[in-house]
Amino acid sequence: SLGLYRKRPRDAYGALWYLQSQPFVRGDRIGVIGWSQGGGVTLLSIPRQSLGRPANLPQGDFRAAVAFYPGSCNDDRLPAGWTSTIPLLILQGAEDVWTPLRPCRAFVEGAVARGSPIEMQVYPGAYHAFDAPNLPRRELPNYVTRAGIVPIIGTDTAAREDAFARVPAFLARYLGN
């Protein structure tokens, strides 16, 4: 349900709090990554208007965030005036009909105009789950959306290879020493 989904940012910050308490973790160098609905949870977690951030974190906030084809990447589904100081990388397939590009791109443009540090990589021809290994393109009629859209998933080798290089490079910029 949407209510449960909107409570999940508390889980992200619970994980951050836990990791920051571990002696073997650099608590000031933790990132968050989410795929699909988890990408939407990332977008609900990291803004100034976070739905889950505790008042004080022992070693600061997440240092970077990555969202693969995030759900709720849409001005209508996120807090009005969404802004974040946490660097965010969004990876999106241009042909994704489950988490579509157009509302996500409009959201990103607005957030960037408000000063949010967001990089967006769009992969032409790629569908939802483009980074999955060896996933033939297929339709998922059991998951038809409220708008009547039948989701399509499938590996896109070029997008997958780019993401496997781009994400570690992005994280290294913010989590490295």
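The values are calculated or read from the model by the stated rules, or taken from the named source; none is laboratory data. These figures come from a predicted structure and were not determined experimentally. Backbone-built Cβ (ideal geometry, glycine too); neighbour counts: all protein chains shown. What goes into the accessible areas is simple: the full protein's heavy atoms, side chains included, and nothing from ligands, DNA or RNA. Shrake-Rupley method; radii C 1.70, N 1.55, O 1.52, S 1.80 Å.
Worth pointing out:
- Size check on the stretch 133-177: the Cα extents along the three principal axes, sorted descending, read 47, 23, 12 Å.
- Accessible surface, 1.4 Å probe, highest first, among residues E109, E119: E109, E119
- Net charge contributed by nearby residues that have their C-beta within less than 11 Å of A106 (K/R +1, D/E -1): -1
- Taking a Cβ cut-off of under 13 Å around R63, the surrounding Lys, Arg, Asp and Glu residues balance to a net charge of +1, with basic ones at +1 and acidic ones at -1.
- Per-residue SASA remark: T155, around 40 Å² accessible (1.4 Å probe; ligands, DNA and RNA not included).
- Trypsin sites (Lys or Arg not before Pro) restricted to the stretch 104-177 and DSSP loop, no more than 15 other C-beta within 10 Å: R114, R137, R146
- Heavy-atom accessible surface of the stretch 15-133: percent carbon and sulfur, 1.4 Å: 55
- Using the Cβ-Cβ distance between F164 and Y143 with R0 set to 30 Å, the FRET efficiency works out to roughly 0.70.
- Accessible surface, the stretch 64-177, averaged per residue in Å² (probe 1.4 Å): 50
- Cut-off 15 Å between beta-carbons: net charge of the residues surrounding S72, Lys and Arg +1, Asp and Glu -1: +4
- With a Förster radius of 30 Å applied to the C-beta separation of Q37 and N177, the computed FRET efficiency comes to 0.40.
- Computed Kirkwood radius, in angstrom, where 1/r is averaged over Cα pairs of the stretch 40-177: 15.8
- Helices of the chain meeting both criteria, an alpha-carbon length of 20 angstrom or more along the long axis and an average Kyte-Doolittle score not below -0.5, with helices taken as full DSSP H segments, are 157-175.
- Rounded to the nearest 500, the helix-only mean residue ellipticity at 222 nm of the chain stands at -11000 deg cm²/dmol, with each DSSP H run of n ≥ 4 adding -39,500 (n - 2.57).
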